[in-house]
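A short reminder: the numbers here are calculations on the coordinates, not readings from a lab. These numbers come from a predicted model, not from an experiment. Reconstructed Cβ throughout: ideal geometry from the backbone, glycine too, with neighbour counts over all protein chains shown.
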Ligand code: NAP
């Protein structure tokens, strides 16, 4: 399958479920040909690609562990061959384990930094040479960075690194007409937030923002669509917190 020359192409990492899946759906609706990246959720990613294709869009599911540079390189090759040159990269793939710093294992620490930081690094490095002139990059931070809640030290450290990448990379791409921004969601109703929490804990998160609800994946997908779309052309090197006013 090859898209027409005018179809803009987007890669969304970690798009088999959660926020990434909503971003893929929204970008497809906005006319992008979408590469749905996943690490293990092949059935979900393939089903989403089929759904978007049946709705008249162009979408493929592409397996790649973002923490693995070779797999990320191969993912870009596949997307270029099947959909065309990439214009939008959404670095959504991420993991969260809330464990007090003193109890964090080496393995969990490594996983958090490998996926959240190295994963973002790997795709940004590819994007530097592969993205179209006029391209857009949207990274994923988190509002937890502003909250300093116990248990979030390692996760927040990974997201601080992502914010650092965002600010510096925006400047390193000078002259290419490519913007690099990040979205920093507040609590969003996905398995990343909900798994392993009691109803009371979930309700506590829902009450935190002045808008008094959990965010939905679509709340973040619309922010990503803005940053990837024509109205955000002058927004560059920024971190946009989307959290119902939480912080
Ligand atoms: P989620 O529901 O747990 O989904 C995570 C996605 O990332 C899945 O599609 C998963 O795919 C993929 N993924 C995990 N490891 C991967 C890897 N090594 N390579 C490629 N894909 C991988 O999480 P979410 O809530 O949608 O979170 C998305 C992003 O938003 C993350 O960066 C997270 O830190 C950020 N965020 C979330 C919240 C929130 O409250 N939910 C708040 C702030 C920020 P597989 O199933 O195939 O592994």
*On a 0 to 90° scale, report how tilted helix 153-172 is relative to the longest principal axis of the chain, with both axes built from alpha carbons and the result rounded to the nearest 10.*
30
_Value at 222 nm in deg cm²/dmol, rounded to 500, when DSSP H runs of n ≥ 4 in the chain each add -39,500 (n - 2.57)_ = -13000 deg cm²/dmol
*Who wins for biggest fluctuation among 114, 231, 219 in a Gaussian network model of the chain, springs between alpha carbons below 10 Å?*
231
*Report, in whole Å, the centroid distance computed from the Cα atoms of segment 32-61 and segment 107-133.*
21
*Using only Cα atoms, tell me the angle between helix 42-54 and the longest principal axis of the chain; keep it within 0 to 90° and round to the nearest 10.*
50
*How far, in nm, would the chain grow between residue 212 and residue 146 when pulled straight, counting 0.36 nm per residue and subtracting the alpha carbon separation?*
21.9 nm
*Among 97, 58, 207, residue whose mean-square fluctuation peaks in a GNM of the chain (springs only between Cα atoms under 10 Å)*: 207
_Suppose the chain between residue 133 and residue 50 were pulled fully straight at 0.36 nm per residue; how much longer would it get relative to their current alpha carbon spacing?_
26.9 nm
*If a/c stays under 1.5 just call it rounded; otherwise compare a/b with b/c (prolate if a/b is bigger, oblate if not). Do that for segment 166-247, with a ≥ b ≥ c from the square roots of the Cα gyration tensor eigenvalues.*
prolate
*How far is it, in nm, from the label point at residue 191 to the one at residue 176 when both lie 7 Å from their Cα along the line to the Cβ?*
3.3
*How do 65, 195 line up, fewest other C-beta atoms within 10 Å first?*
195, 65
